[in-house]
Amino acid sequence: MMRYSARTGALTACATVASLVLAGCGGGGGSAGGGSAELDIATLTSAQSLDPADALGSALPYFQAVYDTLLKRAPDGSFRPMLATKWSYDKDRTRLSLTLRQGVKFTDGSAFDAQAVKANMEHFKKGGGGAAKDLGALQAVEVRDATHVTLRLSAPDPAMLFYLSDAAGLMASPAKLAGGTLKTDPDGTGPYTLDKARTAVGDKYVFERRKGYWGTQLPYRTLTISVFDNETAIVNGLRTGQIDTAVLQDANQQEAVKSDTQLRTAEHTFDFQGLLLFDRAGVRTPALREVKVRQALNYALDRGTMLDKIRRGGGQATDQVFGTGTKAYDKSLDTYYDHDPAKARKLLAQAGYAKGFTLKLPRISAIVNDALASSIETDLKAVKIKVVWDQLDGNSAVQRIYKDRAYSAMVMNIGQSPIDWVTVQDLVAPGTFNLFGSTDATVRQLLPRIEAGGPQAGTAARALNRHLVQQGWFVPFYRSSFLLVSGKDVKAEPQSGMGVPSIYDYTPAG
């Protein structure tokens, strides 16, 4: 449900999401037993395209319904066979060999084979989607025979297995990759097919169990994903049984359902929210080139109060961007910066900004609500930093933030992968969240050591994490706790590496 979260990607975060009134939702069928049930998932994330090249983050369940991935990622983050039954690296970890499952067909009747893998991975890498960079290290897909391929990499990629269990591993019929038909007419090997007659793009997607699916059938005959524009309506749907399950981000809505004995709830942490500093070289905001200024920003914010007032205590204050499941995580870095306005003012003075400066930030209301905007403004004003918000809508945000590079920083929700290299690629390497390509000698030294894997990678990742915190590369606020909610007849399990469960993580209760 994480419309505004990334690993998930900034482009999705800024997308305009169509609204859906409760009366228009398909009725939840979680109470029906015997494998004939309908599962109705509520989400804030719309999938305007079902072409695998456009798959991203919390929209992944739409794609999982119709496309299998090469590897399957279990809820605990381990990898299992799916379309690939075996995999192995060479000693340099630059050649990944896959053995493919035989006898699998796409819905158009064509065979899944090595040529299909090659066509799909080339399509994904060149497709321009928000996750295309995940295959940045892929140089070539070498077809050895119908059931064996080798992925040749320009350098070791410690996250490649993760990517093959995620968007980059989705497989569509090669005959449909060109022409754009997959956007509305998906053709995969997955457990469901899209019921186009009952689907309204942007509002409601209905998938029917596929006859002759090669794998184990999922327990629900019909899978419906209903799109909402607010969590209040989702909570109403959960309470009335019109919706079977959803992930709630809003702290108030989480509190609203915790006492409901007819609902199952499970807390999990996936995102951190914070201020991403793009302009560390001071191109648009000269003050940000100074380490002491970036440190001052971190000292200025009262994270404990923010967490208490905005998240109602749901989460953990933190000063680091690496998640708790990574090798880079260091508990001591969660409290590296105290709330110390006096120290912040002293650092600003030492950096030549005793009178402060102005920081212009983009604001998308769905990401930065009034309470958060006021908290940031108040804390920074206390150290003479003036925040000016530039209100953007979903249509203008992508152009202004990511194409024009008009801002030096942005408040964002970022998913915390359990894979260190995913965080490095998303936040440290030049790209979507390092718009100006910031780097330094320490970063350049440590990244290859993390990339190479092996025993040294964890040590290097921890050193990188500490360096980023000390240098004030980011201004994290807190890790947010989200609530996975389902009706009493549905069991749902949080998924490692995703803000929402996989479609495989739902089963009828009892």
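Numerical summary
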read-out: All-pairs alpha carbon distance profile, region 355-510, 10 Å steps from 0, percent; value: 9, 28, 31, 23, 9, 1, 0
read-out: Taking region 271-481 and dividing mean pair separation by its residue count, relative contact order in percent (alpha carbons under 8 Å, at least six apart); value: 40
read-out: Order by protection proxy (mean Cβ within 10 Å, highest first), peptides 294-303, 215-224; value: 294-303, 215-224
read-out: Length-normalised contact order of region 28-176 in % [C-alpha pairs under 8 Å, at least 6 apart]; value: 28
read-out: Region 271-481 - share of DSSP beta bridges that are antiparallel (%, nearest 5); value: 70
read-out: Karplus (6.51, -1.76, 1.60) ³J(HN,Hα), θ = phi - 60°, over region 222-235, in Hz, Gly and Pro reported as x; value: 10, 10, 10, 10, 10, 9, 10, 10, 7, 7, 4, 5, 5, 4
read-out: Karplus 3J(HN,Hα) series, Hz, for region 451-458 with 6.51 cos²θ - 1.76 cosθ + 1.60 (x for Gly, Pro); value: 4, 5, x, x, x, 6, 5, x
read-out: Share antiparallel - DSSP beta bridges, the chain, percent rounded to 5; value: 80
read-out: Cβ-Cβ FRET estimate between residue 102 and residue 178, R0 fixed at 25 Å, reported to 0.05; value: 0.45
read-out: Protection proxy ranking of 466-473, 498-505 - average other beta-carbon atoms within 10 Å, highest first; value: 498-505, 466-473
read-out: Other-chain or far-sequence residues with amide H under 5 Å of residue 187's (modelled H); value: 173
read-out: Sequence-distant residues sharing a close amide H with residue 105 (under 5 Å, placed H); value: 112
read-out: Over 19 Å between alpha carbons, listed pairs 211/491; 309/360; 258/491; 258/488; 343/386; 125/183; value: 211/491; 309/360
read-out: Dipole of the chain, positive end: most advanced residue of 495, 127, 214 [Cβ charges, Cα centre]; value: 127
read-out: Rounded, prolate or oblate (a/c below 1.5 giving rounded, otherwise prolate when a/b exceeds b/c) for region 212-278 by Cα gyration tensor; value: oblate
read-out: Amide H partners (placed H, <5 Å) of residue 368, local residues excluded; value: none
read-out: Neighbour-count ranking [beta-carbon atoms within 10 angstrom, fewest first] of 206, 201, 247, 490; value: 201, 206, 490, 247
read-out: Separation of alpha-carbon centers, region 246-285 and region 401-449, rounded to whole Å; value: 20
read-out: Principal axis dimensions, largest first and in whole angstrom, of the chain by Cα; value: 70, 55, 38
read-out: The chain: relative contact order in percent, alpha carbon pairs under 8 Å with at least 6 residues between; value: 22
read-out: At most 10 other Cβ within 10 Å, DSSP loop - trypsin sites (Lys or Arg not before Pro), region 331-385; value: 355
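Taken together, the values in this text are just the output of simple stated rules run on the coordinates, not laboratory data. If you're wondering where the values come from, they're calculated on a predicted model, not measured in any experiment. Cβ sites come from the backbone with ideal geometry, for glycine too, and all protein chains shown count toward neighbours.
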